[in-house]
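Here, each number is a calculation from the coordinates, and none is a lab measurement. Just so we're clear, the structure is a prediction, and the values are computed from it rather than from any experiment. Reconstructed Cβ throughout: ideal geometry from the backbone, glycine too, with neighbour counts over all protein chains shown.
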Amino acid sequence: MSLEQAKQVAAYRAVDEYVMNNSVFGVGSGSTVVYAVQRLAERVETENLKVTCVPTSFQAKQLILKHNLTLGELDTNPRIDVTIDGADEVDANMTLIKGGGGCLLQEKIVASCSNKMIVIADYTKDSSKLGDRYKKGIPIEVVPMAYVPIKNKVIALFGGDVKLRSAIAKAGPVVTDNGNFILDWLFTNQDLDWDDVNKTIKMIPGVVETGLFVKMCQKAYFGQPEGNVIERSA
Ligand SMILES: O=C[C@H](O)[C@H](O)[C@H](O)COP(=O)(O)O
């Protein structure tokens, strides 16, 4: 079974178990979420479900529109029943690294407004400690003018190295959906207190959000090479 099929089985399982009629659904971002929205669209069609979808990125909004699903926003739907989102890595304590695809701020806002946050991923995201498998570091979304002092402060506080993320199809840095830059912090100590790290980095002026999701996710589904799905709960 391919990696894509592993993503698909996890996404389908989560949507089948968690999305209910007359509910508000937070739509995460990334390649795995594409399958979740596909499955939701099938269920809306066949079961005539009424679901309002709140996006976590430009990509998520486009997915909702493409499948003719009902688009909502936090102004009108400040409470979300369940958000289903991908992750770059999930550790044994259900702490997540997110933002590998440049989306993390709106994802964290929507997750924070959700009764439940469910992660869908393939088996390569399942780790014991952060950094075991995801080697690109922890994304930090920053206000552009502050990226150099933030980089220096993160290194002084916690060590490792920090890189400004470069765009691929554009000269210069990645610019997020919110007009900010992304720093990737390549940490070396895997035994840090991630709750403390998250709070400390967030207090640096100019930091908008970190890709560390601590105590936010209740359940993760990992699609396996054999086609089965492994679940982990917080
Ligand atoms: O920035 C992107 C988001 O945080 C994604 O949810 C995360 O990178 C996982 O994406 P994928 O499902 O493509 O591995």
| said: With an 8 Å Cα cut-off and a minimum separation of 6 or more residues, compute the relative contact order for the stretch 134-234 in percent. | reply: 32 percent
| field | Spread of Cα-to-Cα distances over 5 Å intervals beginning at zero, given as percent, for the chain | value | 1, 7, 15, 19, 19, 16, 12, 7, 3, 1, 0, 0
| What is the fewest-to-most order of LYS219, LYS125 by other Cβ atoms lying within 10 Å of their Cβ? | LYS219, LYS125
| request: Have a look at the stretch 75-134 and give its Rg and Dmax from the Cα atoms, expressed in angstrom. | output: 12.3, 40
| request: Give LYS7/LYS153; LYS116/LYS170; LYS61/LYS136 a once-over and call out the pairs whose C-alpha atoms are over 32 Å from each other. | output: LYS7/LYS153; LYS116/LYS170
| said: Starting from a Cα-only point model with no solvent, please compute log10 I(q)/I(0) by Debye for the stretch 1-137 at q = 0.19 1/Å. | reply: -1.06
| Pairs beyond 20 Å (Cα-Cα), from LYS151/LYS199; LYS108/LYS219; LYS50/LYS219 | LYS50/LYS219
| HN-Hα J in Hz across the stretch 207-224 - Karplus 6.51, -1.76, 1.60, θ = phi - 60°, x for Gly and Pro | 6, 8, 6, 10, x, 8, 10, 10, 6, 10, 9, 8, 8, 10, 10, 10, x, 9
| message | Please compute the Kirkwood hydrodynamic radius of the stretch 132-184 from all pairs of different C-alpha atoms, in Å with one decimal. | response | 11.7 Å
